[in-house]
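Engineer: Below you will find the structure I want to go over with you.
The values are calculated or read from the model by the stated rules, or taken from the named source; none is laboratory data. In this text, all values refer to a predicted model and were calculated from it rather than measured experimentally. Cβ placement follows ideal geometry from the backbone for every residue including glycine, while neighbour counts extend to all protein chains displayed. Each accessible area value is taken on the protein alone, full model and side chains, heavy atoms only, with ligands, DNA and RNA left out. Shrake-Rupley method; radii C 1.70, N 1.55, O 1.52, S 1.80 Å.
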Amino acid sequence: MTSCHVAEDPIKKVAIFGGTHGNELTGIFLVKHWLENGTEIQRRGLEVKPFITNPRAVKKCTRYIDCDLNRVFDPENLGKKKSEDLPYEVRKAQEINHLFGPKDSEDSYDIIFDLHNTTSNMGCTLILEDSRNDFLIQMFHYIKTSLAPLPCYVYLIEHPSLKYATTRSIAKYPVGIEVGPQPQGVLRADILDQMRKMIKHALDFIHNFNEGKEFPPCAIEVYKIMEKVDYPRNESGEIAAVIHPKLQDQDWKPLHPEDPVFLTLDGKTISLGGDQTVYPVFVNEAAYYEKKEAFAKTTKLTLNAKSIRSSLH
């Protein structure tokens, strides 16, 4: 008796984005290497296109020029009339949408891997936008299993108000990859190696899927965003406390209501509060100071996927 499975179309077009943030160097370094020599990312019957998304920010080694490219892929910005007056990143978003989209259309790329670094101690992290996507849950399960015993975490950003219009969201299957800790504007060999392996395993999964391999039902543990927590601030809106030493570098670890999260300069400890244990992510991320986010609270849950195989087999 055949198992109940989801038949998916074969994957034909994959893009690997580096430089969505111009000071997150691992993805930039890898994509530039693959543009010169893409042997390691090629798989039979698959088009894999490496691409630098924000070249001007990359050149200046800054997160962005006018606004955050990873927040502007919404219908309003993508539909704006082309003009030199538009912010640089909005113009780039329209160009990227034209090359790899259009978003929400049959012509869009099947998968976009968007490569990022974080200054937070998050290790290897896969970002999932849809908890019901059997194909991506299967892929993430494959990557996690292949990387073991190195941990790989899945951050689920499915949320009515906290989900944002990502660069990768123009693909049918958007995949965010975060690896840290790594300072902005710096390269680390260990982080580079981890990101490179994540891409290798992801492409191997796609190749196996296209070749007709059936992936049996699986389950993965994910951390779903609940809310973002800002730093304590004074009347002028300036930061009035820092991340507590007991929280620093403790991404993904359980955080209880009585646990300290902030420390003021006069030695006062501020605890988490609330009535439940949460799991913090993006703790003290450098790029999120401007976004007024000290860390994000997540809850841990399990996602299940049905077995999948390519509809051609």
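Engineer: Mind listing whichever residues of the stretch 54-82 are over 15 Å from residue 168 (Cβ atoms) and of a type in the set (Lys, Arg)?
Structural biologist: Answer for the stretch 54-82, where residues must be over 15 Å from residue 168 (Cβ atoms) and of a type in the set (Lys, Arg): 56, 59, 60, 63, 80, 81, 82.
Engineer: Would you check if there is a residue in the stretch 156-173 being crowded, with 21+ Cβ neighbours inside 10 Å and charged (D, E, K, R)?
Structural biologist: yes
Engineer: From 146, 120, 105, which residue is of a type in the set (Ser, Thr, Tyr) and without any contact (Cβ under 8 Å) to a residue 24 or more places away in the chain?
Structural biologist: Working: 146 fails: without any contact (Cβ under 8 Å) to a residue 24 or more places away in the chain; 120 fails: without any contact (Cβ under 8 Å) to a residue 24 or more places away in the chain.
Residue meeting the stated conditions: 105.
Engineer: If only one of 189, 171 is farther than 21 Å from residue 216 by Cα, in contact with a Phe, Trp or Tyr (Cβ under 7 Å, 6 or more places away or on another chain) and not acidic (Asp, Glu), which one is it?
Structural biologist: Answer to the selection: 171.
Engineer: Looking only at the stretch 101-126, which residues are at pLDDT below 95 and either at negative phi or in contact with a strand residue (DSSP E or B) (Cβ under 6 Å, 6 or more places away or on another chain) (or both)?
Structural biologist: 101, 102, 103, 105, 106, 107, 108
Engineer: Among residues belonging to the stretch 280-313 that are of a type in the set (A, V, I, L, M, F, W, C) and at pLDDT below 95, point out the one that is most open to solvent (accessible area, probe 1.4 Å).
Structural biologist: In this case the residue turns out to be 312.
Engineer: A further question follows. Filter the stretch 17-47 down to the residues that are in contact with a strand residue (DSSP E or B) (Cβ under 8 Å, 6 or more places away or on another chain), over 21 Å from residue 179 (Cα atoms) and touching a residue at least 24 places away in the same chain (Cβ under 8 Å), then identify the one that is most open to solvent (accessible area, probe 1.4 Å).
Structural biologist: Filtering first and then ranking leaves 47.
Engineer: Need the failing condition index for residue 57 against (1) closer than 30 Å to residue 205 by Cα; (2) touching a Leu at 6+ places or on another chain (Cβ under 8 Å), just the number.
Structural biologist: Looking at each condition in turn, residue 57 falls short on (1).
Engineer: May I pose another question? Can we say residue 14 is out of contact with any strand residue (DSSP E or B) (no Cβ under 9 Å at 6 or more places or on another chain), buried (at least 22 other Cβ atoms within 10 Å of the Cβ) and closer than 18 Å to residue 103 by Cα?
Structural biologist: No.
Engineer: Among the residues of the stretch 102-124, which ones are more than 30 Å from residue 245 (Cβ to Cβ) and surrounded by fewer than 24 Cβ atoms within 10 Å (Cβ to Cβ)?
Structural biologist: Scanning the stretch 102-124 gives 102, 103, 104, 105, 106, 107, 108, 109, 110.
Engineer: Moving to a separate point now. Could you figure out which of (1) part of a loop (DSSP other than H, G, I, E, B); (2) under 24 Å from residue 187 (Cα atoms); (3) touching a residue at least 60 places away in the same chain (Cβ under 8 Å) isn't true of residue 10?
Structural biologist: (2)
Engineer: Do you know which residues across the stretch 240-257 are farther than 19 Å from residue 298 by Cβ and either open to solvent by less than 30 Å² (accessible area, probe 1.4 Å) or more than 27 Å from the chain's Cα centre (by Cα) (or both)?
Structural biologist: Keep residues of the stretch 240-257 that are farther than 19 Å from residue 298 by Cβ, which gives 240-242, 245.
Across the stretch 240-257, the qualifying residues are 240, 241.
Engineer: Further question: Starting from the stretch 281-310, keep only residues that are farther than 19 Å from residue 117 by Cβ, then list their pairs with residues that are among the polar types (S, T, N, Q) and surrounded by fewer than 17 Cβ atoms within 10 Å (Cβ to Cβ) whose Cβ atoms are within a distance under 7 Å, requiring at least 6 positions of separation or different chains.
Structural biologist: Here the result reads 303/131; 307/3, each pair linking the stretch 281-310 to a residue that is among the polar types (S, T, N, Q) and surrounded by fewer than 17 Cβ atoms within 10 Å (Cβ to Cβ).
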